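The values are calculated or read from the model by the stated rules, or taken from the named source; none is laboratory data. These numbers come from a predicted model, not from an experiment. Counting neighbours? That spans all protein chains shown, and the Cβs are built from the backbone with ideal geometry, glycine included. Remember, those area values only see protein heavy atoms, side chains included, never the ligands or the DNA or RNA. Shrake-Rupley method; radii C 1.70, N 1.55, O 1.52, S 1.80 Å.
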Amino acid sequence: MKDFVAFLCVVAAFTATAGCQSSPQSSDLGPPNVILINADDLGYGDLSCYGATLVSTPNIDALAERGRRFTDAHSPHAVCSPSRYGLLTGTYPLRKNMWGPLPRTTPLTLDTGKPTLASLFKDAGYDTACIGKWHLGFGEGKTDWNGSLSPGPNDCGFDYYFGLPVVNSGPPYVYVENGAVVGYDPDDPFVFGRGVISATQRFPEKGGYNGIGGAEAAHLLYRDREVGTTFASKSAMWINNRPKDRPYFLYLATTHIHHPFTPARRFEGTSGAGVYGDFIHELDWMVGEVVKAVQKQGGLDNTLIIFTSDNGGMLNVSGQKAWEAGHRKNGDLLGFKFGIWEGGHRVPMIASWPARIPQGSESNHLISQIDLLATFASILELDLETGPDSIDQSTELVGRADTPLRDELVVLSNSAKHMSVRTGRWLYIPAQGEGGFKGSEWGEHLISGVAATRVTEQANSDLADGKIRSDAPKAQLYDLVNDPRQTRNVFNENPEVAGQLQARVDYFRSQVGENKPLGWISR
């Protein structure tokens, strides 16, 4: 860490100019603790502080009341794995040629020789931990679940890791701790390609763990309805075990609210949006448990807590039932997870830091999770070469930016041909539709995008009855200031703007990594 006195001078300057709620001794607080909570598939409209009425999220709302709520914040991608890659590395996942969820056999996708959020804080003298969903690969070559899972999170700057290796809807259903499967028994190895009924009876109608047998002891430790409680308690324990004279960085990546929706029994029936809303309630409780742990340490005033989501909400089966009940998971935004429309990647983002951030403030400036790397580096006064994608938003964070600091954003989904560019008010999409899932009927797990508009009654000028009109323009251009719901494609009326943004799309296509595409991709 750089000279501590210099750091305090910068912090004091932030306080003096931001009009923040600060204690008289705020300049003596030292470096902040930082907690980054990254929810899974939580949509723009899934929180009561973002307009939801059938769910109640008092703990997350309290973060917004104590801090700053962002209304034009975006995940790096509309899909989980590449989104997490972008957040942790401050780099567009296109540079890694990463487009979709990674299979369970994918090796570690992060370059251990390049900065991550964790290595940034570790270099600054922080204790670091990752608790929750990883989904960025383990090991070298094809992951060997009966062998070492290194390199992994511990090689990317995290002192401690505990969590799920992949998504909670796909095998193996086990916990991993510091490079090893928790409860693994070498006499009962994982067996691929053999469908057996697991000890937890999770998918008995599908032959157990979708073709993974063995490792019964490890499987027994995993229970869907206990994941939230496990991650919350692990996080609180890790926070409370920290020496008070050492700052810490915690990355909590919840599996909430990714399907299957399996809240603990005490949350069942507590919302007006079915089990989907109940799962949101458990997520809110988890946030509350983390905040309680910080309060127990007596450091809430100088703890920066950022809450956000890896992508927009997904219209899966239980989510459809929530929709029928009146819950709008992405608010008024068009589209869903996996797609390029705003509902796929505009996400909730809240920053609470009572000593520095104006209480109850709001920002409508464009910001991306990719910006966290450069922003944290600035707050820590680290001399870090962050690359071309991450932008220092530290003044935006504390309410001192009068104008947007980001003037361009690459918008990505699992469809490579839908790689898009946002500049100021304009969003340009160089193709028709939104890409993404191709389900067509209400009740199908994969319904999304164009087909979903037929049953969700989302309006768009290019569409009729859930299909693209024959006379629709070849590409899409939206004025998000005047039309945030993307009801009208103004591509034909603005050829000059479209041409300029197509040139930017062409440039970024030239930046796509040369390695084999990673993850599921729709072309």
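Could you please find all residues in the stretch 29-77 being in a loop (DSSP other than H, G, I, E, B) and closer than 19 Å to residue 372 by Cβ?
We begin by selecting, within the stretch 29-77, every residue in a loop (DSSP other than H, G, I, E, B); these are 29-32, 40-47, 51-57, 67, 71-72, 75-77.
The answer is 31, 32, 40, 42, 44, 67, 71, 72, 75, 76, 77.
Could you list all residues from the stretch 329-374 that are among the charged types (D, E, K, R) and at pLDDT 95 or above? Reasoning before the result, please.
Let us first name the residues in the stretch 329-374 that are among the charged types (D, E, K, R), namely 329, 332, 337, 342, 346, 356, 362, 371.
Scanning the stretch 329-374 gives 329, 332, 342, 346, 356, 362, 371.
Out of (1) at pLDDT 95 or above; (2) over 28 Å from residue 260 (Cα atoms); (3) in a loop (DSSP other than H, G, I, E, B); (4) of a type outside the set (Val, Ile, Thr), what's the single condition that is false for residue 137?
Unmet condition: (2).
Looking at 122, 142, 96, which one is under 27 Å from residue 30 (Cα atoms), surrounded by fewer than 24 Cβ atoms within 10 Å (Cβ to Cβ) and among the basic types (Lys, Arg)?
Values: 142 fails: under 27 Å from residue 30 (Cα atoms); 96 fails: under 27 Å from residue 30 (Cα atoms).
None of the other options fit; the residue is 122.
With open to solvent by less than 50 Å² (accessible area, probe 1.4 Å), under 29 Å from residue 327 (Cβ atoms) and aromatic (Phe, Trp, Tyr) as the only criterion, which of 428, 478 stands out?
Values: 428 fails: under 29 Å from residue 327 (Cβ atoms).
Sole residue among the options that is open to solvent by less than 50 Å² (accessible area, probe 1.4 Å), under 29 Å from residue 327 (Cβ atoms) and aromatic (Phe, Trp, Tyr): 478.
I'd like the residue in the stretch 217-235 that is closer than 16 Å to residue 182 by Cα and small (Gly, Ala, Ser) and, out of all such residues, is most open to solvent (accessible area, probe 1.4 Å). Show your work before the answer.
Of the stretch 217-235, the ones closer than 16 Å to residue 182 by Cα are 217-224, 226-227, 230-231, 234.
This time we only want the ones that are small (Gly, Ala, Ser), so: 217-218.
On the way: 217: 44, 218: 1 Å².
That would be 217.
Can you find, within the stretch 470-523, the residue that is farthest from the chain's Cα centre (by Cα) among those that are in a loop (DSSP other than H, G, I, E, B) and among the aromatic types (Phe, Trp, Tyr)?
Kept after step one, since they are in a loop (DSSP other than H, G, I, E, B), are these residues of the stretch 470-523: 470-475, 480-494, 510-517, 519-521, 523.
Subset that is among the aromatic types (Phe, Trp, Tyr): 491, 520.
Numbers: 491: 30, 520: 18 Å.
Within the stretch 470-523, the match that is farthest from the chain's Cα centre (by Cα) is 491.
Exactly one of (1) in a helix (DSSP H, G or I); (2) at pLDDT 95 or above; (3) open to solvent by less than 10 Å² (accessible area, probe 1.4 Å) is unmet by residue 7. Its number?
For residue 7, the exception is condition (2).
Filter the stretch 333-385 down to the residues that are surrounded by 24 or more Cβ atoms within 10 Å (Cβ to Cβ) and acidic (Asp, Glu) and list them by number.
Within the stretch 333-385, 342, 371 qualify.
So which of 436, 466, 519 is more than 27 Å from residue 332 (Cα to Cα), in contact (Cβ under 8 Å) with a residue 24 or more places away in the chain and surrounded by 17 or more Cβ atoms within 10 Å (Cβ to Cβ)? Please lay out each step first, then the result.
Working: 436 fails: more than 27 Å from residue 332 (Cα to Cα); 466 fails: more than 27 Å from residue 332 (Cα to Cα).
Criteria check complete, one pass: 519.
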